[in-house]
Amino acid sequence: MPANPMQMIFFVIVLGLLLTFIQVGALTVAFEKLGLSAQSAFLLLFCSLIGSAINLPFMTVDAERPASDSIPAHLRELVQRNLQRFNGTTHIAINVGGCLIPVIFSYYLIFHHPLPIPDVIAATLIVTFISRLTSRPVPGVGIAMPIFVGPLAAAVTAIGINPDQSAPLAYICGTLGVLIGADLLRLRDIRKMGAPIASIGGAGTFDGIFITGIVAVLLA
């Protein structure tokens, strides 16, 4: 998707906030628990920020315009703007910063920490179930999910299953669980939302997938 001035301003503001968080130590602590150096952590964050502006086309599906009474009142103005661009199809894309990079990093953690595969599968299934249960389609917008449900579910699940490796397990099951439960298992719902574009990984870096991984590590 082409960048516009507002996206560039948002990018600069978010980058400044991230640098501030690193200085005060919040994100540094999270990535240290995952075994990353400060330089590697910054590189991961920077790539995620850049990637949040990149949506890779995946497929196009036929979709329906949502009924007006199904749209929450506080979202109707936003939805009406989106529906003006809706032409009966929804373009599904994969967001690099909000989906692809967190998934690749999850696989990196699996192979660089002594995590039994059954633990990873069990934890991911639990978070997937919770994400599917608590997420919901918002007509004209996308899939919504309470932002702290995923991190809390991932942290508690990781501590309960493998307390010795709770930090990497929390990131992995949080990332993959939210991706599967709130995004992939909701693809069928996208046909009824009237959204012109649906991005797996949604809002990019600060989509639920990315936030779930980082906050889950801090809690675990």
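No value in this document is a laboratory result; all are computed from the given coordinates. From a predicted model like this one, the values you see are computed outputs, not experimental measurements. All Cβ positions, glycine included, derive from the backbone under ideal geometry; neighbour counts span all protein chains shown.
What length, rounded to one decimal in nm, is gained on full extension from residue 129 through to residue 148, with 0.36 nm per residue of separation minus their alpha-carbon distance?
Details: separation 19, 0.36 × 19 = 6.84 nm, distance 1.52 nm.
Full extension from residue 129 to residue 148 adds 5.3 nm.
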remark   = Note: residue 159 to residue 121 extended length (0.36 nm per residue) minus current alpha-carbon separation gives 12.2 nm
key: Inter-label distance for residue 33 and residue 61, nm, one decimal - labels placed 7 Å from Cα along Cα-to-Cβ   = 3.4
message = For residue 58, what residues show an amide H to amide H distance below 5 Å, using hydrogens built from the backbone and excluding near sequence neighbours?
response = 92, 93, 94
task = Mind giving me the nanometre distance, one decimal, between the label points for residue 197 and residue 104, set 7 Å out from Cα along Cα→Cβ?
result = 2.1
Sorted peptide list for 173-179, 130-136, 106-112, criterion being average Cβ within 10 angstrom, highest first = 173-179, 130-136, 106-112
